[in-house]
Structures are given as structure tokens and as C-alpha cells.
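Some notes on the structure that comes next.
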Amino acid sequence: MRVAFSAARAAECTGGRETVCTIGNFDGVHLGHESLILRTVTRARELGLPSLLITFEPHPAQVLSTREVPGLSSRIQRLERFALLGVDLALLLPFTREFAARSAQEFCRQVLAETLHVRQLVLGYDFCMGSDQAGAEELVGFGREFGFDVSCVSPVMYEGAPVSSSRIRRAVESGYLEHARAMLGRPYAVRGEIVHGAGRGGPLLGFATANMDVRGLVMPPPAVYATSTAMASFPALDENGCTEVEPPFTEPLMPSMTSFGHNPTFGEGSLTLETHILDFRDDIYGRHMELLFLGKLRDEMKFSGPEALIAQLDADREARRMFQPEGEAV
């Protein structure tokens with residue numbers, strides 16, 4: 001898959017050919033997104049044309065909202081899913097207030113028709129575009145005006161309602177990881193850099209941990225979780241041109257258990273994420289890793305001292321061994 005950061009560069013990537021295109025935020029790349037992307041890829045292959053996916057950075061809500069909106073996925077996680085689903089070209093457009101002020105008609109004419117030569121536009125059932133928030137009916141009309149067809153994909157349903165990023169965000173934040181997994185089609189995962197922590201895990205407790213920076217990401221409630229961990233890479237992206245990216249971006253999964261909480265036994269208040277990878281001793285500071293949440297082992301607890309905490313960690317480790325998802329190294 002190729003990645004471009006401007007419409008002009010995307011047009012260069014396709015050699016000026018017509019494209020079959022879809023547009024969206026795709027936060028989390030859930031089952032509804034996958035249905036939309038697969039329809040786009042399939043139609044492009046039927047027509048012998050490149051499939052083009054347009055998305056935005058940062059998420060529009062982070063620009064237009066006064067409150068912080070944590071993400072369900074990083075840029076690299078989204079790109080990996082796009083590539084795995086067979087997308088030929090991903091266009092990551094910078095989202096600014098100036099960009100948001102553009103009307104749907106202007107975007108359809110200047111970007112979709114004149115620059116990207118879109119032949120067919122495949123949209124989600126609830127997609128709206130532009131400062132005027134044009135919906136499907138208006139976009140069909142713009143398509144006729146500028147020479148491309150527009151079709152909409154029906155929602156993917158879960159428990160009587162459409163799968164959506166906002167539903168998954170609420171499920172993760174409430175600790176309903178099984179519901180998040182059902183709507184994502186895979187365990188909820190976060191990816192970030194391994195940073196130095198307090199240094200207690202190995203020397204004091206005998207449980208070496210990897211601390212990860214997860215600022216800006218959706219997180220479940222404080223607790224101890226059964227997780228799987230993979231070392232991750234970040235492919236270099238040239239934001240002045242088109243970049244080739246090919247998954248996988250992660251190494252094999254390893255069984256782990258993760259504490260996300262306030263370290264009450266040691267009297268600390270800030271939230272930290274600490275992961276103990278079972279039967280693993282390598283030095284991985286400065287690397288990136290991906291963490292998959294499989295289920296909750298127990299609530300966060302305050303212990304009388306290190307000895308009581310170590311006994312509980314031993315019990316946690318044995319409980320974690322009952323989780324063995326497909327693809328995890330043993």
C-alpha cells in the first residue's frame with residue numbers, strides 16, 4: 001500500500017488514473033469500517049482501478065471540539081489495517097479549521113473530481129461532508145454534477161445498533177472489553193513507546209515490567225488485565241511524497257499481564273501502564289510495543305507490602321496462563 005499526505009501527491013501515485021474511493025475517520029478500523037473498505041477494494045478490482053482511502057489527521061473532533069477526544073488507534077495501527085484489507089493508496093489529509101470550512105461541493109469538485117479523478121465514491125450510511133455537512137442525497141447530486149457515482153454501505157449491527165467508534169470508545173472506557181472486541185473483530189489494542197518507570201518491578205518484586213506511554217489513547221478502567229504483547233515497528237513515512245508501507249508492523253505475540261492504575265501499594269497517584277511479559281527478559285527500553293487487552297484479571301488493590309503484592313502477582317501470572325489467543329507465541 002502507498003501513503004500520501006496531499007491530494008496532489010496521491011494523484012501522482014496513481015499516475016492520474018481514475019480511482020474508486022472511500023472517505024472517513026476510521027478511528028479503530030472496526031467491523032463497520034472494514035465492510036466499507038472491503039466494498040471499495042472489491043469494486044476497484046472489478047473495474048481494474050486503484051482503490052483510494054481518504055482519511056484525516058488529526059481526528060476532526062480533536063480540532064473542532066473543546067474537549068479532548070482520545071483515539072482508538074494510532075496512525076500506524078490504522079495504516080496497518082488499511083493495508084491488510086487490500087487498500088492500494090491511503091491519503092492522510094491534514095485536518096484544520098480552514099479545511100473544515102470548505103463546502104462539500106467545493107471538495108467534491110476540486111479534490112475528488114479534478115485532482116483524484118474519482119470514478120466511484122463509496123460511503124458509510126451516516127457519512128457527512130464539508131462545512132455544510134452534506135449527506136448522502138446531496139453527495140449523490142454532486143457526483144452527478146462532477147462525473148462520479150456515489151453509493152452507500154449499510155451499517156454493521158451489534159446488539160441492535162450500528163457498530164461505531166463512539167460505542168467502542170464507551171465500551172473500552174467502561175471495561176466491557178468483550179463488547180469492544182465483538183465490534184472491532186479483534187481485541188482492543190494500544191501501541192506506544194516503552195519508557196522508564198519507577199524501577200521497582202524487577203529489582204524489588206521480581207516481575208520486570210515494560211511501561212508504555214499511552215497518552216491520547218482510549219484506556220479501560222484501572223485494573224490488572226490479561227494481555228498479549230508484541231514488539232512493534234514504525235515504518236518511515238515521507239510526508240513530502242508517496243511512501244510504500246507493508247504489514248506486518250508487529251512481531252509475534254507474547255503472553256503478558258498488565259497493570260493500569262495508580263500503584264496504591266506504593267502511595268502513588270498518577271496513572272501508569274506496566275506490562276509483565278511472561279518468560280521474557282530482553283532489554284526493550286526505547287522500542288515500541290503493541291498491547292492487546294484480552295480480559296480483566298482483578299481490580300486494582302492496595303497491599304500491606306511488597307510480600308503480599310508478590311504473592312498476588314504470582315497468582316495473577318498463573319491466572320493469565322489460561323488466556324491463549326490464536327497467534328500467540330508459547
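The values are calculated or read from the model by the stated rules, or taken from the named source; none is laboratory data. Here the structure is a predicted model, which means the values were calculated and not measured. Positions of Cβ are backbone-derived with ideal geometry, glycine not excepted, and every protein chain shown enters the neighbour counts. Calculation scope for accessible area: heavy atoms of the full protein, side chains included, ligands and nucleic acids excluded. Shrake-Rupley method; radii C 1.70, N 1.55, O 1.52, S 1.80 Å.
Structure notes:
- Near pairs, Cβ below 6 angstrom, 6+ apart or cross-chain, from the stretch 144-168 (closer than 22 Å to Ala134 by Cα and in a strand (DSSP E or B)) to any residue that is among the charged types (D, E, K, R) and modelled with pLDDT of 95 or more: Val153/Arg39
- Annotation note: of Met183, Met212, Met231, the sole residue that is open to solvent by less than 40 Å² (accessible area, probe 1.4 Å) and farther than 28 Å from Pro60 by Cβ is Met231.
- Evaluation of Leu92 against (1) assigned to a helix (DSSP H, G or I); (2) buried (at least 18 other Cβ atoms within 10 Å of the Cβ) (one fails), failing number: (1)
- Filter result (part of a strand (DSSP E or B) and open to solvent by 40 Å² or more (accessible area, probe 1.4 Å)) within the stretch 234-249: Glu244
- Meets criteria (out of contact with any Ser or Thr (no Cβ under 9 Å at 6 or more places or on another chain), assigned to a helix (DSSP H, G or I), closer than 26 Å to Leu237 by Cβ and of a type in the set (S, T, N, Q)) for Gln105: no
- Any hit, the stretch 53-73, residues being in contact (Cβ under 8 Å) with a residue 12 or more places away in the chain, open to solvent by 20 Å² or more (accessible area, probe 1.4 Å) and touching a Cys at 6+ places or on another chain (Cβ under 9 Å): no
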